[in-house]
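Everything on this sheet refers to the single structure shown next.
The values are calculated or read from the model by the stated rules, or taken from the named source; none is laboratory data. Since this is a predicted model, take the numbers as computed values, not measurements. Quick reminder, even Gly has a Cβ in these numbers, built from the backbone with ideal geometry, and neighbours come from all protein chains shown. To get the accessible areas, we keep the full protein, side chains included, count just its heavy atoms, and leave off ligands, DNA and RNA. Shrake-Rupley method; radii C 1.70, N 1.55, O 1.52, S 1.80 Å.
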Amino acid sequence: MFADIPGQAHAKAFFEHAARAGALSHAYLLAGPEGLAKTEFARELGVALVAPCEGCGACPECERARRGMHPDLHLLEREGDVIRVEQIEPVVADLSLKPFSATRRVWVIPEVEYLHPAAANKLLKSIEEPPSFVVFILVTDRLERVLPTIVSRCQVVEFRPLSDTEVSAYLVGRHHVEPGSAEALARLSLGSIERAARLAEDAAGPRRRQEYLRYAAALTAGGRPADGPEPGAAFIAVLERQQAEIGAALEEDLARRLADLERQFQDKKDLEWYVKQAESRARREDARRRRLAAQDALDLLVSWVRDLWVVASGASDVLWNSDHRDALVEAVVATPEHYARLLGVSAKTRKDLYLNIDQKLALQALFARFEEVSASA
């Protein structure tokens, strides 16, 4: 059922046991930090609940459900900044309809922390007493922001960051990363399988991590370089190139998706609805991937500063960038307290990036604070 999703043995065993025992609840809330493939897990669970094979992953019914074409499996995603009450109303109206071809009707709702209060209250009434054949699978990265009454009506299933060993094995087995490099990338992933995948893809192609770390070294060396590009501007330029490539790739994906829709739907009204959904999803995915790229870039900078602090403290056996050990040892030019101050000023910037504050301005402000810390040292 979940063969392609690494880790999360507890969650897998929980649902496999519930399915075998016929003890499925009417509502689940998958909760845990970002990057643990929770939405992918929820969709795979939904496929298993509507497919007669219970999720073999290879039959036509599984394929149809995965493509979003199964009439009893529904994915409700936010449109814009929130999940609006207008999106929940059709769900409530359809709840009483019997399954079309499966034994259940399943709704997967990611990012439930973005439910508008009116939408959350409307959904709550449906979650409390749904028909016996309805299953809700909600997903959140931030459990503390979900309406408490919704949390109380769901069975919460916790997703946990993977161990370095699990991530390393995933990188070697799935992405064919060399074991030594896999160890370093696993530490940098901080237990996030999605981040690990991004790091592996980068290592196999653009190798932006090397660029980011080069400019991170310059930013933390104290003082501006006598020649060459200004490191802060160069760091941001790498990010902007990456984000431009993200946008171009998503535009190509959208064009292919729209062409597929035109072949599938002859009815103009149906086609317009699916096109609108595809375009809205593409915009959300573009914003999400750009944010993740900025956060990944910042976290690489932070990982360098953290490793400088580790080396300065005399504990170089626990480096995150373990494949850059020699460069880090040579780069230490200050006390552990100095690097701790740099880590402190970095923490607020990461929160700003999560809140979608202008990424370039946030990074420029951070680099200015780095200079202030260096000047006062």
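Can you tell me which of A11, A18 is within 24 Å of the chain's Cα centre (by Cα) and open to solvent by less than 30 Å² (accessible area, probe 1.4 Å)?
The match here is A11.
Can you go through E128, E89 and tell me which one is more than 19 Å from the chain's Cα centre (by Cα), open to solvent by 50 Å² or more (accessible area, probe 1.4 Å) and under 21 Å from L24 (Cβ atoms)?
Result: E128 is the single residue among E128, E89 that is more than 19 Å from the chain's Cα centre (by Cα), open to solvent by 50 Å² or more (accessible area, probe 1.4 Å) and under 21 Å from L24 (Cβ atoms).
Considering A218, A259, which residue is closer than 23 Å to A334 by Cα, among the hydrophobic types (A, V, I, L, M, F, W, C) and either at pLDDT below 95 or surrounded by fewer than 17 Cβ atoms within 10 Å (Cβ to Cβ) (or both)?
A218
So which residues in the stretch 31-76 are open to solvent by less than 50 Å² (accessible area, probe 1.4 Å), closer than 26 Å to Q295 by Cβ and not in a helix (DSSP H, G or I), if there are any at all?
A31, G32, G35, L36, A37, L76
What pairs come up if the first residue lies in the stretch 119-134 and is of a type in the set (V, I, T), the second is open to solvent by 10 Å² or more (accessible area, probe 1.4 Å) and part of a helix (DSSP H, G or I), and their beta carbons are under 7 Å apart, counting only those six or more places apart or on different chains?
I127/R153
Which residues, counting only those in the stretch 1-30, are within 24 Å of T165 (Cα to Cα), assigned to a loop (DSSP other than H, G, I, E, B) and of a type outside the set (G, A, S)?
M1, F2, D4, I5, P6, Q8
Within the stretch 141-158, can you find the residues that are open to solvent by less than 70 Å² (accessible area, probe 1.4 Å) and either out of contact with any strand residue (DSSP E or B) (no Cβ under 9 Å at 6 or more places or on another chain) or charged (D, E, K, R) (or both)?
D141, R142, T149
Between a residue in the stretch 360-376 that is of a type in the set (V, I, T) and any residue that is open to solvent by less than 90 Å² (accessible area, probe 1.4 Å), which pairs come within a Cβ distance under 6 Å, given they are 6 or more apart or on different chains?
Within 6 Å, the pairs are V373/L342.
What is the one condition in (1) modelled with pLDDT of 95 or more; (2) farther than 24 Å from L199 by Cβ that Q243 does not satisfy?
Single failed check for Q243: (2).
Only one of (1) modelled with pLDDT of 95 or more; (2) open to solvent by 20 Å² or more (accessible area, probe 1.4 Å) is not met by V108, so which one is it?
Unmet condition: (2).
May I ask you to list pairs of residues, at least six apart or on different chains, whose Cβ atoms are under 7 Å apart, with the first in the stretch 253-265 being of a type in the set (F, W, Y) and the second being modelled with pLDDT under 90?
Here the result reads F265/Y274, each pair linking the stretch 253-265 to a residue that is modelled with pLDDT under 90.
Does H26 count as open to solvent by 50 Å² or more (accessible area, probe 1.4 Å), more than 29 Å from H175 (Cβ to Cβ) and in contact with a strand residue (DSSP E or B) (Cβ under 8 Å, 6 or more places away or on another chain)?
yes
Between residues in the stretch 172-184 that are closer than 22 Å to D299 by Cα and at pLDDT below 95 and residues that are open to solvent by 50 Å² or more (accessible area, probe 1.4 Å) and among the aromatic types (F, W, Y), which pairs lie under 9 Å by C-beta distance while being six or more apart or on different chains?
Taking only residues 6 or more apart or on different chains, the pairs are A184/W320.
I'd like the full set of residues that are surrounded by fewer than 19 Cβ atoms within 10 Å (Cβ to Cβ) and in a helix (DSSP H, G or I), limited to the stretch 335-345.
Hits for the stretch 335-345 are P336, E337, A340, L343, G344, V345.
Please pick out the residue among L123, L162, L138 that is surrounded by 21 or more Cβ atoms within 10 Å (Cβ to Cβ) and either in a loop (DSSP other than H, G, I, E, B) or among the charged types (D, E, K, R) (or both).
L162
If you take the residues of the stretch 223-246 that are without any contact (Cβ under 8 Å) to a residue 40 or more places away in the chain and either closer than 19 Å to L292 by Cβ or of a type in the set (F, W, Y) (or both), which of them is most open to solvent (accessible area, probe 1.4 Å)?
The selected residue is R241.
Condition first: closer than 23 Å to T220 by Cβ and free of Cβ contacts under 8 Å to residues at least 40 places away in the same chain. Now tell me which residues in the stretch 346-356 satisfy that.
Across the stretch 346-356, the qualifying residues are A347, K348, K351, D352.
Checking L213 against (1) in a helix (DSSP H, G or I); (2) open to solvent by 10 Å² or more (accessible area, probe 1.4 Å): exactly one of these is not met. Which one?
Only one criterion is unmet by L213, namely (2).
Considering the stretch 77-86 alone, what residues qualify as being surrounded by 18 or more Cβ atoms within 10 Å (Cβ to Cβ) and in a loop (DSSP other than H, G, I, E, B)?
Once the filter is applied, which keeps residues that are surrounded by 18 or more Cβ atoms within 10 Å (Cβ to Cβ) and in a loop (DSSP other than H, G, I, E, B), the stretch 77-86 yields only R78.
Would you mind stating whether A249 is under 24 Å from the mean Cα position of the chain (by Cα), buried (at least 17 other Cβ atoms within 10 Å of the Cβ) and modelled with pLDDT of 95 or more?
No; evaluated as a whole, the condition is false for this residue.
Looking at the stretch 291-334, which of its residues are open to solvent by 70 Å² or more (accessible area, probe 1.4 Å) and either assigned to a helix (DSSP H, G or I) or at pLDDT 95 or above (or both)?
Selection gives W309, D317, D323, R325, D326, V329, E330.
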